[in-house]
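The structure appears below as structure tokens.
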Amino acid sequence: MGTAAGVPPAAVGRVGRAPADRRIANTVVEAAEQVARALRYLEQGLDFADGLHLAASPGAERFYTFDRRFLRCAVELGLTVVEPDGGA
């Protein structure tokens with residue numbers, strides 16, 4: 001979200017963590033726990049969208065990506081994210 005839209009990660013985090021009375025009007029967070037987890041990943045260096053994808057798949061044994069930056073950051077955080085071998 002932040003990277004693609006040119007919004008700094010800190011700004012994404014501020015909006016997501018804002019008290020309910022200061023959030024964007026008429027906005028409902030559908031999966032609040034997943035968004036909260038994605039915001040924690042954002043604080044640890046992952047892109048918000050990548051963190052949200054991880055947060056939305058908590059039961060997965062591993063998470064595949066072609067995104068090398070995402071892969072590098074996730075591995076540094078000890079997350080089970082791998083690059084496909086191309087043999088799928």
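The values are calculated or read from the model by the stated rules, or taken from the named source; none is laboratory data. Predicted model only: the values in this text are computed from it and were never measured. Positions of Cβ are backbone-derived with ideal geometry, glycine not excepted, and every protein chain shown enters the neighbour counts.
Numbers at a glance
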quantity	calculated
Residue identified as at pLDDT below 90 and either surrounded by 13 or more Cβ atoms within 10 Å (Cβ to Cβ) or small (Gly, Ala, Ser) (or both) among 47, 67	47
Total residues in segment 43-79, condition of a type in the set (Val, Ile, Thr) and out of contact with any helix residue (DSSP H, G or I) (no Cβ under 8 Å at 6 or more places or on another chain)	1
